[in-house]
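Below is one structure; the comments refer to it alone.
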Amino acid sequence: MNNRAKIFLMLILLPSGISAQPSRMIDGIVATVGNKIILKSEIEMQYQQYISQGNYGDEQIKCGILDQSLYNKLLLNQAILDSVEVTEAQIEEKLDRNIEFYIRQIGSKEKLEAFYGKTVLEIKEEYKPLIKEQLQIQAMQGKITKDLTATPAEVKAFFNSIPPDSLPYINSEIEYARIRHIIPLSMEEKEKIKNTLNQYRERVNNGEDFSTLAVLYSQDASSKKGGELGFHGRGELVAEFEAAAFRLKPGEVSGVIETKFGFHIIQMIERRGELINVRHILLRPKITSDDLGKAHARMDSIYRNIKSGILTFEQAAEKYSDDTETRYNGGNVFNPQTGTTRFEADQIDPAVFFQLEKLKSGEISEPVIANTEEGNQTYMIYLLKSRTAPHRANLTDDYQRLQEVTLESKQNKVLEEWVRKKKKNIHIYVSPEYASCENLKLWTH
């Protein structure tokens with residue numbers, strides 16, 4: 001909890017069902033940093049969130065949370081003094097990532113909105129000031145530690161300082177890359193889908209109920225609700241879909257819209273300022289055997305060029321891959337949970353892991369069919385870059401990890417010294433009820 005290099009940022013959304021304010025508790029100020037206060041309810045809320053994630057809790061955890069809160073307030077105070085600013089785009093990006101994460105956690109956007117009794121747009125507006133503060137804190141910490149590096153000699157010295165029996169045990173990990181080719185649709189199939197949707201549009205214009213047609217024909221999960229999506233604000237829907245939807249008047253039906261999910265027609269239900277509620281019918285074109293054959297031939301040619309040495313995997317990824325996330329970094333896939341290229345087995349999609357399991361390090365797979373998150377069929381070529389066996393940490397296999405830990409250790413020392421200097425020039429108060437917290441002595445002595 002006292003790792004200064006990893007800021008403990010309060011989880012701002014609570015899909016697990018924890019109340020935003022602990023019940024039956026008398027609130028009060030437990031600490032101040034200058035004119036910034038820390039409430040008992042804030043500490044209790046973060047503590048309950050920590051417990052809800054399956055962690056074991058005790059009073060020392062609360063000490064750690066308060067320690068980090070004091071540190072964050074001091075950083076924020078300095079960020080304001082130094083006029084450290086963050087852009088609106090940065091705030092929006094962070095909000096979007098948080099919303100996406102918690103939608104995945106709670107199950108759906110509708111469940112998240114039901115939990116809060118607010119739309120996603122209203123939730124984002126409510127938490128925007130807090131996100132801005134968090135980004136200012138991160139920027140200030142980055143400003144303090146920006147010039148620090150960990151040299152090979154420092155990494156080796158840090159590793160040698162760890163007793164052999166205290167070295168961490170590292171699970172088997174995989175690094176891999178991919179080349180993706182989304183199977184293109186024939187013009188005939190596209191025209192067939194468009195004609196079908198135009199027929200549905202005509203039926204609605206002639207008096208048939210849009211929602212009934214959505215139930216009968218839409219290939220989206222919303223079909224069960226007559227195609228209704230609920231209220232959304234700008235930036236929450238796929239760009240092409242959103243642009244068409246916001247132009248509609250109540251009851252009006254759009255022309256055929258193409259997105260990465262397929263083809264749609266949209267009907268406006270209601271508009272409230274910058275919030276719209278629409279229903280839609282989605283049809284996904286079918287991939288023909290001819291489409292599959294052409295796509296396979298293309299990917300097989302790429303596969304053979306890599307195998308024969310005409311192209312490196314990295315060159316092929318940049319030249320041919322449809323995957324915007326990996327195309328320009330050699331096809332390397334990053335673990336969203338860690339931000340690194342290392343994956344443990346349970347962090348990889350089972351279908352992908354099944355393909356990688358067949359390969360030796362440095363080998364590539366033949367083209368295989370897979371599905372994108374949007375439900376589109378695609379051909380993939382995988383490269384297994386490395387696979388480690390379970391082992392005790394060592395300099396050969398785990399240098400990057402050890403370098404990161406060494407750098408964090410250096411950052412911690414610099415940040416601890418920064419706190420010691422700054423706290424001399426600002427009033428800091430910590431409630432006596434935390435007097436037994438060893439890690440708060442930095443703040444009280």
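The values are calculated or read from the model by the stated rules, or taken from the named source; none is laboratory data. Every value quoted in this text rests on a predicted model; they were computed, and no experiment measured them. Here the Cβ is made from the backbone with ideal geometry for all residues, glycine too, and neighbour counts use every protein chain on show.
A few notes on this one:
- Note on region 193-229: residues that are of a type in the set (D, E) and under 38 Å from the mean Cα position of the chain (by Cα) amount to 2.
- Some residue of region 428-443 being in a strand (DSSP E or B), touching a strand residue (DSSP E or B) at 6+ places or on another chain (Cβ under 9 Å) and of a type in the set (F, W, Y): yes
- E175 vs. criteria assigned by TED's automatic domain parsing to the domain that holds T372, more than 23 Å from K410 (Cβ to Cβ) and either part of a helix (DSSP H, G or I) or among the acidic types (D, E) (or both): yes
- Selected residue (criterion: modelled with the lowest pLDDT) from residues of region 99-129 that are assigned to a loop (DSSP other than H, G, I, E, B) and under 18 Å from the mean Cα position of the chain (by Cα): G107
- Subset tally (residues that are surrounded by 13 or more Cβ atoms within 10 Å (Cβ to Cβ) and under 22 Å from Q400 (Cβ atoms)) for region 142-167: 10
- Residues (outside any helix (DSSP H, G or I) and at negative phi) located in region 316-333: S321, D322, D323, T324, E325, T326, N332, V333
- Out of S301, S254, S223, sole residue that is outside the structural domain of V204 (by TED's automatic domain parsing), polar (S, T, N, Q) and either touching a helix residue (DSSP H, G or I) at 6+ places or on another chain (Cβ under 6 Å) or modelled with pLDDT of 90 or more (or both): S301
- Within region 336-377, being free of Cβ contacts under 8 Å to residues at least 24 places away in the same chain, in a strand (DSSP E or B) and aromatic (F, W, Y) holds for no residue.
- Answer residue from region 400-419, given it is in contact with a helix residue (DSSP H, G or I) (Cβ under 8 Å, 6 or more places away or on another chain) and over 12 Å from E154 (Cβ atoms) and is surrounded by the fewest Cβ atoms within 10 Å (Cβ to Cβ) among those: E416
- Count of residues meeting criterion [over 30 Å from the mean Cα position of the chain (by Cα) and buried (at least 17 other Cβ atoms within 10 Å of the Cβ)] in region 300-330: 4
- Those residues of region 105-117 which are closer than 21 Å to G227 by Cα and either in contact with a Ser or Thr (Cβ under 7 Å, 6 or more places away or on another chain) or surrounded by fewer than 18 Cβ atoms within 10 Å (Cβ to Cβ) (or both), in sequence order: G107, S108, E110, K111, E113, A114
- Output for region 418-427, where each listed residue is of a type outside the set (A, V, I, L, M, F, W, C) and either assigned to a helix (DSSP H, G or I) or touching a Cys at 6+ places or on another chain (Cβ under 7 Å) (or both): R420, K421, K422, K423, K424, N425
- Meets criteria (in the same structural domain as E325 (by TED's automatic domain parsing) and either surrounded by 13 or more Cβ atoms within 10 Å (Cβ to Cβ) or closer than 17 Å to G255 by Cα (or both)) for R180: yes
- All of L197, L213 fail the test of being at pLDDT 95 or above and within 27 Å of D322 (Cβ to Cβ), apart from L197.
Rundown of residues vs (1) closer than 30 Å to P367 by Cα; (2) of a type outside the set (V, I, T); (3) free of Cβ contacts under 8 Å to residues at least 24 places away in the same chain, yes/no style:
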| site | (1), (2), (3) |
| --- | --- |
| Q141 | no, yes, no |
| K146 | no, yes, yes |
| A150 | no, yes, no |
| Y169 | no, yes, no |
| I182 | yes, no, no |
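- The residue that is modelled with the highest pLDDT, counting only those in region 233-248 that are closer than 19 Å to E93 by Cα and either crowded, with 17+ Cβ neighbours inside 10 Å or hydrophobic (A, V, I, L, M, F, W, C) (or both), is E242.
- Scope region 150-209; condition of a type in the set (K, R), under 16 Å from H264 (Cα atoms) and touching a Phe, Trp or Tyr at 6+ places or on another chain (Cβ under 7 Å); matching residues: K194
- The set of residues in region 80-98 that are of a type in the set (A, V, I, L, M, F, W, C) and assigned to a helix (DSSP H, G or I) comprises I80, L81, A89, I91, L95.
- Some residue of region 344-356 being more than 26 Å from R97 (Cα to Cα), buried (at least 18 other Cβ atoms within 10 Å of the Cβ), not assigned by TED's automatic domain parsing to the domain that holds E240 and not basic (K, R): yes
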